[in-house]
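Asks: The following block contains the structure, expressed as structure tokens.
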Amino acid sequence: MTSGWLQQRGLRRGTVAVASGMALSASVFLVAPTVATADPAPQTVAQAKAQVDKLQQEAEAADQDYLALKEKLDKSEQDLKDKQADLKTETAQVAKLRSQISKVALAQFQNQGLDARAQLFLTRDPAGFLNQFATIEKINQNQNTALQNYQVEQANLADLQRSTEADITTLKAEKTQLGALKKKADDKVDAATAVLDKLTAEQRQAIQDQETKASDQAAKDAQAATSTNDANDNKSDSKNGSSSESQDDLTGSSAPSSGKGAAAVAFAKAQIGKPYVFGATGPGSYDCSGLTMAAWKAAGVQLDRTSEAQFHDGTPVSRDQLQAGDLVFFYNSSAPSHVGIYVGNGVIIHAPHPGASVEYTQLSYMPFVGARRPA
């Protein structure tokens, strides 16, 4: 379950659906709250669109960084709980050893003037005395070992206490960083809205029309890829299951997918039109990596949560060997901030950015940096 602000994220103006993607932020661990500086006012529709694209890319990068840090924070909190449980156990162990050693020392002090026979003669509980005497003798024989164990456990306890205190300090810092990332992402969305507010209704409609035209063309290309794949599947069946010739012909443009890849694409297609919501993994809304994770989960494969982490899932695939279902990544080759699912014929399905919905778009619309094929 995502927090309230994650569920409420999105452009307040819903009139424009601009290209998604993202220029990677430097590092989630170097984020600090800053006052956003406005870009120059756009002079043309093209300039406005470029500014909005850039701001949306930066907002999505902050979103993915937030998710990565949140995942790390959740793990750190669980580790801290485990460590605190160990600390409780270790504290009890040290107290037990301290009590044992104290009892031995007291017994030795109280009885040091009497030999064992005299103590036995004077006691009112001979059986209890014999048990106590045997225990004392045994501990005396292993006194050095007991003291050493106590010292070791005491040192372990001190280490755990220091480590726990350090973890608490780190968690506080990470929570502060989360707040900074939230503000950064929200500032970018607000800045994109401000750019749109400077445009006339006709200019906003022009951008909308451009985006709609591009999306419609991508949908037609995707349908063409599906038809081609179906035809080649039938051709393959007529050749007793041999499809190598068809695959060679289709490499890189509309190459047929594996069974799991086809299932992932089918799931993604069913999500077309559902809104982008930061932190969402379905079923009613998605962010970019939430969509790919849900699609491949439907195919029986568990992916990591963020686009950067998913860049290490499965096996690398070159652009000219793409198959339907492959994960395609954009904007930064070392830490991609956007991910989609390849459909074929140069088309992908993706969840673009706040204010937009799951849609088709051209692979070439964003800077492609790599692809992976989940197992």
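The values are calculated or read from the model by the stated rules, or taken from the named source; none is laboratory data. Since the structure is predicted, the reported quantities are computational estimates derived from the model, not experimental observations. Here the Cβ positions follow ideal geometry from the backbone for every residue, glycine too, while neighbour counts run over all protein chains shown. The protein model used for the area step is the full one, side chains on, heavy atoms only, and it has no ligands, DNA or RNA in it. Shrake-Rupley method; radii C 1.70, N 1.55, O 1.52, S 1.80 Å.
Asks: Just the residues that are of a type in the set (S, T, Y) and either crowded, with 24+ Cβ neighbours inside 10 Å or free of Cβ contacts under 8 Å to residues at least 24 places away in the same chain (or both), please, taken from the stretch 300-333.
Replies: T306, S307
Asks: Which residue pairs have Cβ atoms under 8 Å apart, sit 6 or more places apart or on different chains, and have a first residue in the stretch 352-373 that is at pLDDT below 95 and part of a loop (DSSP other than H, G, I, E, B) and a second that is among the polar types (S, T, N, Q) and open to solvent by 10 Å² or more (accessible area, probe 1.4 Å)?
Replies: Once the first residue is at pLDDT below 95 and part of a loop (DSSP other than H, G, I, E, B) and sits in the stretch 352-373, its partners that are among the polar types (S, T, N, Q) and open to solvent by 10 Å² or more (accessible area, probe 1.4 Å) give P352/T361; H353/Q57.
Asks: So which residues in the stretch 167-205 are aliphatic (A, V, I, L, M) and either outside any helix (DSSP H, G or I) or crowded, with 16+ Cβ neighbours inside 10 Å (or both), if there are any at all? Let's see the steps before the verdict.
Replies: Going residue by residue through the stretch 167-205, those that are aliphatic (A, V, I, L, M) are 168, 171, 173, 178, 180-181, 185, 189, 191-192, 194-196, 199, 201.
If the condition is that a residue be aliphatic (A, V, I, L, M) and either outside any helix (DSSP H, G or I) or crowded, with 16+ Cβ neighbours inside 10 Å (or both), then L178, A180, L181, A185, V189, A191, A192, A194, V195, L196, L199 are the ones that fit.
Asks: Another one. Across the stretch 235-272, which residue is surrounded by the fewest Cβ atoms within 10 Å (Cβ to Cβ) among those that are at pLDDT 95 or above and in a loop (DSSP other than H, G, I, E, B)?
Replies: Applying the filter and picking the extreme gives I272.
Asks: Would you confirm whether any residue within the stretch 285-297 is more than 18 Å from the chain's Cα centre (by Cα) and either modelled with pLDDT of 95 or more or of a type outside the set (K, R) (or both)?
Replies: Looking for residues that are more than 18 Å from the chain's Cα centre (by Cα) and either modelled with pLDDT of 95 or more or of a type outside the set (K, R) (or both), one finds none in the stretch 285-297, hence no.
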